[in-house]
Amino acid sequence: MLQENSIKLSLSYAIASRVRDYFMMMKFTLTFMVVFSCVVAYLLVPGVEFNLIKVLLLFAGGILVSGSANIINQILEKETDKLMARTAPRPLPAGRLSVSEASVVAIVTGAAGIAILGFGFNWLAAGVSLLSLVLYGFVYTPWKKWNSLAVLVGAFPGALPPLIGWVAGANAFTEGGWALFAIQFLWQFPHFWAIAWVAHTDYTRAGFKLMPSDKGPGKMIALQSAMYTLLLIPAGVAPYLLGVTGYISAIVAIAIGGFYLYRAVTLYRKCDVPSARKLMFGSYIYLAVILLALLFDKVK
């Protein structure tokens with residue numbers, strides 16, 4: 001009896017550990033925030049009302065597709081991840097999962113996510129999600145070792161989730177969807193450069209070229225970050241100008257855009273890791289605040 005219970009406990013632990021590794025490969029926490037932008041965009045489409053089943057379907061489809069792209073990224077970067085302290089504990093470089101098993105999980109999650117978006121919403125949204133997966137997994141991932149344009153390349157799949165959400169609701173590419181795409185597109189440059197600044201030693205060891213200058217962290221990168229945060233202010237007002245949201249969202253966009261710009265200017269002034277880290281965390285605050293402002297100020 002004791003032996004039987006011990007076997008059951010060991011099996012339960014093994015299953016729980018495996019599931020935890022799957023979630024780790026999918027980068028569930030980060031994926032959740034990305035998919036949140038997709039859901040917000042869907043709910044901002046004129047005529048779309050809140051429907052819990054639809055929202056859950058969109059969350060599920062988005063998380064599965066985004067998770068699949070993240071797994072592909074880690075399969076291709078297995079050896080590189082071994083070189084960085086931040087990524088060495090991941091399931092593949094640590095040897096807890098095989099590439100073949102990870103590949104099966106990536107295929108199953110990706111196919112399931114695309115099917116959910118296609119059958120649950122429309123195949124245009126499913127097609128855009130497939131494009132996002134391919135661009136992130138098979139274009140952006142290897143490009144990181146070629147040259148610094150990787151950040152520009154990666155900004156496209158990174159900005160597609162709100163467009164996917166908009167198309168899921170509208171079944172068309174219209175101005176509102178492109179406005180949301182533009183916000184998330186511009187947001188990514190200071191966000192990723194701040195991360196690259198903080199993790200510069202690790203990224204250099206791994207051979208990643210994510211800085212726009214071969215000289216590494218410095219005034220030029222901080223200045224470019226500030227320029228993108230400045231552009232985000234009018235971009236954040238665009239949904240109001242297009243009649244998607246009310247004036248309160250525009251006020252919030254200007255205020256939170258000013259906060260993000262302040263963080264970037266501080267990095268330009270100080271050019272140090274603490275300021276880069278503050279910009280990085282500031283980017284998360286910016287995205288969360290503006291998405292919530294847009295959502296709660298939708299024009300009925």
note = Cross-link reach from residue 209 to aspartates and glutamates, straight Cα distance under 18 Å and at least 8 residues apart if same chain, gives 77, 79, 81
query = Measuring from label point to label point, each 7 Å out along Cα→Cβ, what is the residue 262 to residue 111 span in nm?
reply = 5.1
query = How much net charge surrounds residue 44 when only other residues with a Cβ under 10 Å from its Cβ are counted (Lys, Arg +1; Asp, Glu -1)?
reply = 0
inquiry  = With +1 assigned to the C-beta of every Lys and Arg and -1 to the C-beta of every Asp and Glu, and no other charges, what is the dipole magnitude of the stretch 175-300 about the Cα centre in debye, to the nearest 20?
reply    = 300
key: the stretch 114-148 versus the stretch 224-300: alpha-carbon centroid distance in Å   = 26
Equivalent ellipsoid, the chain (semi-axes from 5 times Cα gyration tensor eigenvalues, Å) = 32, 27, 17
message = Helix-only estimate, please: 222 nm mean residue ellipticity of the chain, summing -39500 (n - 2.57) across DSSP H runs of length 4 or more and dividing by its residues, to the nearest 500.
response = -26000 deg cm²/dmol
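Viscosity 1.567 mPa s, temperature 4 °C: Stokes-Einstein D of the stretch 175-300 from its Kirkwood Cα radius, in µm² per second?
Calculated translational D: 87 µm²/s.
Once Rh is set to the Kirkwood radius over Cα pairs, what Stokes-Einstein translational diffusion coefficient, in µm²/s, holds for the stretch 50-91 at a temperature of 37 °C and a viscosity of 0.692 mPa s? The partial results should precede the final answer.
Details: Rh = 12.0 Å.
Calculated translational D: 273 µm²/s.
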query = Loop-only check: which trypsin sites (Lys or Arg not before Pro) in the stretch 41-144 are DSSP coil with at most 14 other Cβ within 10 angstrom?
reply = 86
key: Separation of the residue 201 and residue 49 label points, Cα + 7 Å toward Cβ, nm   = 5.7
Over 25 Å between alpha carbons, listed pairs 54/78; 82/144; 27/144; 145/219 = 54/78
key: Interatomic Cα distance distribution for the stretch 19-152, bins of 5 angstrom, percent   = 2, 10, 19, 22, 19, 13, 9, 5, 2, 0
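Since every read-out is calculated from the coordinates, none of them should be taken as a lab result. Everything numeric in this text was worked out from a predicted model, so none of it was measured. All Cβ positions, even for glycine, are placed from backbone atoms using ideal geometry, and neighbour counts span all protein chains on display.
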